[in-house]
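Just so you know, all these numbers are worked out from the coordinates, no wet-lab data involved. Remember, it's a predicted structure, so these values are computed and weren't measured experimentally. Glycine also receives a Cβ, built like all others from the backbone with ideal geometry; neighbour counts cover every protein chain displayed.
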C-alpha cells in the first residue's frame, strides 16, 4: 500500500513516456507542481520527511519523491521513498536504481531493477534563452562542441547548448553511482544528436577501470512545452 495523499501543489501523477524510445523494465512517473500552493503540512500528510529550504525547494523535493515512490510501487510492489545520502544523491532500495529530476514546475522519477540496468540518469531543463546560452557556452561545451555550433542559427545554438547541458547532467547521474567520483562538463562531450531524438556522449577522462576515456554512452531527448528532457541509460 502507498499513501495516496496528493498535495494541492502537485498535479495527478502521469506515466506518460515523453521520450522517443521506451526502455524495457523501466518505470517513469511525473507531475507538475506549483510551489506557491505548497502547504507546510503536505509532507506529513504524504508521509515524506521534509527538507529545509524555501517553498520552491520543498515543493520540487516533495514532487520528485512522490514520483519516485509511485514508480517504485509499480516496479516492486512496495512503496518506498528514497532517502538522501551523505553525497546528496538519492538512496534507492536494495535491488533497484533510479534518477529524480525537477525544475521549473516539472518533476519526474525513473526506476528499474539492477539486473536490467546499471545506470539511469534523467534531467529536465527549460530551454535556455539565446543570450544566456551564449554566456554559458564556454563553461558547458568543450572546444570541439563549440566548433560544432558553427553554421547554426541563434535558436539552434541555444537548443544545442541546452541539450549539451542536460545530457551531461543525465550522464553524471547515470555514472556517479557506479564510479563514485565527481566529474564536470569539460570531462565529456556530446558526440552526436540525431533527428530521432537519440544522442551519444563520450568520456574525455578516465573515471574508473570500467569507464576509461573514450567510453561512449547512448541517450535520448525530447522537447515539450518549452522543456528539454534527457535520459542516459546504461543496460545491465
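So how much slack lies between residue 180 and residue 44, counting 0.36 nm per residue of separation and subtracting their Cα-Cα distance, in nm?
Details: separation 136, 0.36 × 136 = 48.96 nm, distance 3.24 nm.
Taking 0.36 nm per residue and subtracting the Cα distance, the gain is 45.7 nm.
Can you give the Rg and Dmax of the range 143-208 based on its C-alpha atoms, in angstrom?
When restricted to the Cα atoms of the range 143-208, Rg and Dmax are 12.6, 38 Å.
Based on the mean of other Cβ atoms within 10 Å per residue, sort peptides 65-72, 221-228 so the most packed one is first.
Values: 65-72: 25.4, 221-228: 15.0.
The peptides rank, most packed first, as 65-72, 221-228.
Quick one: check the C-alpha center-to-center distance for the range 102-121 versus the range 1-23, whole angstrom.
For the range 102-121 versus the range 1-23, the Cα centre distance is 12 Å.
As I understand it, the value is the acute angle between the Cα axis of helix 154-179 and the longest principal axis of the Cα atoms of the chain; what does it come to in degrees, rounded to 10?
60
Contact order normalised by length for the chain, with contacts defined as Cα pairs under 8 Å and 6 or more residues apart; what percent is it?
Taking the mean separation of contacting Cα pairs over the length of the chain, I get 18 percent.
How many percent of all Cα-Cα pairs in the range 74-225 sit more than 19 Å apart? Kindly include the intermediate steps, with their values, before the conclusion.
Numbers: 6472 of 11476 pairs.
For the range 74-225, the fraction of Cα-Cα distances above 19 Å is 56 percent.
Per 0.36 nm of contour for each residue apart, how much would the distance between residue 204 and residue 4 grow if the chain were fully extended, relative to their Cα-Cα spacing? Display every interim value, and only then the final one.
Values: separation 200, 0.36 × 200 = 72.00 nm, distance 4.49 nm.
Residue separation times 0.36 nm, minus the Cα-Cα distance, leaves 67.5 nm.
So what is the relative contact order for the range 156-204, in percent, with contacts set as C-alpha pairs under 8 Å and at least six apart? Kindly include the intermediate steps, with their values, before the conclusion.
Values: 35 pairs, mean separation 13.7, N = 49.
28 percent.
Over the Cα atoms of the range 126-174, Rg to Rh with Kirkwood Rh, two decimal places?
Details: Rg = 10.3 Å, Rh = 10.8 Å.
Radius of gyration over Kirkwood radius for the range 126-174 works out to 0.96.
Report the label-to-label distance for residue 14 and residue 54 in nanometres (one decimal), using points 7 Å from each Cα along the Cα→Cβ vector.
According to this spin-label approximation, the distance is 2.6 nm.
Determine the relative contact order of the range 27-115: mean sequence separation of Cα pairs under 8 Å and six or more apart, normalised by residue count, in whole percent.
Details: 152 pairs, mean separation 32.0, N = 89.
36 percent.
Once fully extended, how much extra length lies between residue 150 and residue 130, figured as 0.36 nm per residue of separation less the alpha-carbon to alpha-carbon distance? Before the final figure, lay out each step's value.
Details: separation 20, 0.36 × 20 = 7.20 nm, distance 1.48 nm.
Taking 0.36 nm per residue and subtracting the Cα distance, the gain is 5.7 nm.
Using a 10 angstrom cutoff on alpha carbons, build the Gaussian network for the chain and name the most mobile of 169, 134, 125.
Among 169, 134, 125, the largest mean-square fluctuation in the Gaussian network model of the chain belongs to 134.
With angles folded into 0 to 90 degrees, how steeply does helix 55-76 sit against the dominant principal axis of the chain? Use alpha carbons for both and round to 10.
80
Principal axis lengths of the range 27-115 from Cα atoms, whole Å, largest first?
40, 26, 22
Taking only DSSP H segments of four or more residues, each worth -39500 (n - 2.57), what value at 222 nm results for the chain once the sum is divided by all its residues, to the nearest 500 deg cm²/dmol? Provide the component values of the computation, followed by the final result.
Numbers: 5 runs with 69 residues, N = 236.
It comes out at -9500 deg cm²/dmol, rounded to the nearest 500.
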